[in-house]
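The values are calculated or read from the model by the stated rules, or taken from the named source; none is laboratory data. Just so we're clear, the structure is a prediction, and the values are computed from it rather than from any experiment. Note that each Cβ is placed from the backbone with ideal geometry, even for glycine, and that neighbours are counted across all protein chains shown.
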Amino acid sequence: MSKSATPAPFLSVLRELVQCYQAFERYSAAHIQTMELTPPQFDVVATLGNTQGMTFRELGKRTLITKGTLTGVVDRLEAKDIVSRKDCPEDGRSTIVSLTKQGEKIFSKAFPAHVSHLHQAFGQVCSKELSALGIGLATLRKALLDATEDHQEAQ
């Protein structure tokens, strides 16, 4: 970019988005660690909570954990007797991951506590602004997904 060029207007939004995500991660992770879980472990427990379990594929789609990391996270949760694995009766190639009794106890305690913790921060933003942020972020996500599809089709 030359000295006379002005930065694209979205760059300040991009910076704010990244810094907001980083601040959220710090705030959220600090609380999750008090429950003796890592953020990815909490993500799995929260996703499996109130379900009969799900396949690795579905769990990967519903969490924020990459496929390569998910197996290790589930391995560690299984070692703590928080989750269990069983073969999927409908598809022998798939494995169902579900919470154990201990995992259900952790979920029933940790999830409401974490929601309450998050509410302390999110509660400082009025509901009208939260709604507008949600709409704006959904619009941005769609634009990025559409642009990714367009780029892939062009190749």
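With the requirement that a residue be within 17 Å of the chain's Cα centre (by Cα) and modelled with pLDDT of 90 or more, what does the stretch 66-76 give you? Write out each step before concluding.
Kept after step one, since they are within 17 Å of the chain's Cα centre (by Cα), are these residues of the stretch 66-76: 66-74.
Across the stretch 66-76, the qualifying residues are Thr69, Leu70, Thr71, Gly72, Val73, Val74.
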Exercise. Any residue in the stretch 106-114 that is closer than 18 Å to Glu36 by Cα, in a helix (DSSP H, G or I) and of a type in the set (Phe, Trp, Tyr)?
Worked result: yes
Exercise. Does Val125 meet the test of being part of a strand (DSSP E or B) and within 29 Å of Asn50 (Cα to Cα)?
Worked result: no
For this session: Would you mind finding the one in Arg93, Arg76 that is farther than 24 Å from Gln22 by Cβ, out of contact with any Lys or Arg (no Cβ under 8 Å at 6 or more places or on another chain), surrounded by 15 or more Cβ atoms within 10 Å (Cβ to Cβ) and free of Cβ contacts under 8 Å to residues at least 40 places away in the same chain?
Result: Arg76
For this session: Specify the residue that is farthest from Thr51 (Cα to Cα); the eligible residues are those in the stretch 76-105 that are among the acidic types (Asp, Glu) and assigned to a helix (DSSP H, G or I).
Result: Glu78
Exercise. Within the stretch 106-155, restricting attention to residues that are within 30 Å of Ile82 (Cβ to Cβ) and β-branched (Val, Ile, Thr), which residue is surrounded by the fewest Cβ atoms within 10 Å (Cβ to Cβ)?
Worked result: Val115
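In this structure, is Glu36 surrounded by 10 or more Cβ atoms within 10 Å (Cβ to Cβ), acidic (Asp, Glu) and in a helix (DSSP H, G or I)? Walk me through it before giving the result.
Values: surrounded by 10 or more Cβ atoms within 10 Å (Cβ to Cβ): yes; acidic (Asp, Glu): yes; in a helix (DSSP H, G or I): no.
So Glu36 fails the test.
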Exercise. Restricting to the stretch 13-47, what's the tally of residues that are closer than 23 Å to Glu58 by Cα and charged (D, E, K, R)?
Worked result: 1
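Here is a check on your reading of the model: is Thr47 under 24 Å from Leu17 (Cβ atoms), free of Cβ contacts under 8 Å to residues at least 24 places away in the same chain and either out of contact with any Phe, Trp or Tyr (no Cβ under 7 Å at 6 or more places or on another chain) or in a helix (DSSP H, G or I) (or both)? Explain how you work it out, then say what you get.
On the way: under 24 Å from Leu17 (Cβ atoms): yes; free of Cβ contacts under 8 Å to residues at least 24 places away in the same chain: yes; either out of contact with any Phe, Trp or Tyr (no Cβ under 7 Å at 6 or more places or on another chain) or in a helix (DSSP H, G or I) (or both): yes.
Criteria met by Thr47.
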